[in-house]
Amino acid sequence: MSQLIRTLKSHIRDEIIKKGGWVNAHAHADRAFTMTPEKIAIYQNANLQQKWDLVDEVKRNSTVDDYYRRFSQAIELMISQGVTAFGTFVDIDGVCEDRAIIAAHKAREVYKSDITLKFANQTLKGVIEPTAKKWFDIGSEMVDMIGGLPYRDELDFGKGLEAMDILLDKAKSLGKMLHVHVDQFNTPKEKETEQLCDKAIEHGMQGRVVAIHGISIGAHPKEYRKMLYQKMRDSQMMVIACPMAWIDSGRKEDLQPFHNALTPADELIPEGITVAIGTDNICDYMVPLCEGDMWQELSLLSAGCRFTNLEEMANIASINGRKVLGLL
């Protein structure tokens, strides 16, 4: 056979290698590979808010060894793709207590010569309710980055902004970066990215806060988006896109600007905002069809946003990931 024609995929992957290798900036490796054919109805019939509690079954029944096996499988999947740094949230709450993070640290020690691992505490139960707050405080001491999900406290108590204050206070007091899930539901009713920018400035945390997802940004009119991008620059907000996690956003009858359910990298990058990429959930209750394939994530983001700046695509998958994980 004659020599194969080189593809864009090969070119971009080579550029990523030159920039230090792939970086998976966001995942939930402790729950990876927990979806089975028997459990697919959970994905089909429950919304995300319901799944936040339905995963208690997995958390309650998982031992440290169970968590370690899942971490190991996820880490080895990343290594096989040339991932050199991997950031993952880890559940630490009243259901699983510290079993998952103990397993995470065990895995980090085993794989330390093969990959750089960074951990953030997942706060599926929020940070307002007393037991949730207790485990948030415990978990914050056991991770590299503080993790947040303010919509949980907005949903339960109408206190999303208070949750952001708690998250920022903790991150600042411990000298750690803050990674926050925001604007996940693809609706103009959400303005969490803007709120997070305002709070980052209020707490003096410019350049230390990372917004995860930002799907709802694209649901807003152009004038709002331009205003938001200025706030993101002012707060030095960085963003992690997880394309497979939200491309399955359900149909709606709402009137809004036409867009795909993706982080708007095509607008953010030209505005000077750092965008990294992550797999998010890998074959679990939240995203059963995500295989943890880094090229799939990058190519979906590029195609869905019509963003084909090859140099910036390579940066998204490498250098930018190191920035959001505090490695640069």
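On the stretch given as region 124-133, residues that are closer than 18 Å to residue 165 by Cβ and either in contact with a strand residue (DSSP E or B) (Cβ under 6 Å, 6 or more places away or on another chain) or in a helix (DSSP H, G or I) (or both) total 4.
What about residue 194, is it part of a helix (DSSP H, G or I) and either in contact with a Cys (Cβ under 8 Å, 6 or more places away or on another chain) or farther than 27 Å from residue 328 by Cα (or both)? Criteria not met by residue 194.
Listed by first and then second residue, the pairs linking a residue in region 162-190 that is over 11 Å from residue 208 (Cβ atoms) to a residue that is surrounded by fewer than 16 Cβ atoms within 10 Å (Cβ to Cβ), with Cβ atoms under 6 Å apart and 6 or more places separating them unless they lie on different chains, are 188/256.
Return yes when residue 262 is in a helix (DSSP H, G or I), aliphatic (A, V, I, L, M) and at pLDDT 95 or above and no when it is not. Here the answer is no, as residue 262 does not meet what is asked. Within region 221-236, residues that are loosely packed, with under 13 Cβ neighbours inside 10 Å have Cβ atoms under 8 Å from residues that are modelled with pLDDT under 95 in these pairs: 221/257; 222/257, counting only partners at least 6 apart in sequence or on another chain.
Would it be correct to say that residue 134 is surrounded by fewer than 23 Cβ atoms within 10 Å (Cβ to Cβ) and either within 22 Å of residue 69 (Cα to Cα) or touching a residue at least 12 places away in the same chain (Cβ under 8 Å) (or both)?
Details: surrounded by fewer than 23 Cβ atoms within 10 Å (Cβ to Cβ): yes; either within 22 Å of residue 69 (Cα to Cα) or touching a residue at least 12 places away in the same chain (Cβ under 8 Å) (or both): yes.
Taking the combined requirement at face value, the residue satisfies it.
The number of residues in region 275-328 being in a loop (DSSP other than H, G, I, E, B), over 17 Å from residue 237 (Cα atoms) and in contact with a strand residue (DSSP E or B) (Cβ under 8 Å, 6 or more places away or on another chain) comes to 9. Of the residues making up region 52-68, those that are out of contact with any helix residue (DSSP H, G or I) (no Cβ under 7 Å at 6 or more places or on another chain) and either surrounded by 16 or more Cβ atoms within 10 Å (Cβ to Cβ) or over 14 Å from residue 284 (Cα atoms) (or both) are 56, 59, 60, 61, 65, 66. Within region 83-101, identify whether any single residue is within 24 Å of residue 285 (Cα to Cα), assigned to a helix (DSSP H, G or I) and either at pLDDT below 95 or in contact with a Lys or Arg (Cβ under 9 Å, 6 or more places away or on another chain) (or both), and answer yes or no. Checking region 83-101: at least one residue is within 24 Å of residue 285 (Cα to Cα), assigned to a helix (DSSP H, G or I) and either at pLDDT below 95 or in contact with a Lys or Arg (Cβ under 9 Å, 6 or more places away or on another chain) (or both).
The values are calculated or read from the model by the stated rules, or taken from the named source; none is laboratory data. Values in this document were obtained by computation on a predicted structure and should not be read as measured data. Neighbour counts are summed over all protein chains in view; Cβ atoms, including those assigned to glycine, are modelled from backbone coordinates with ideal geometry.
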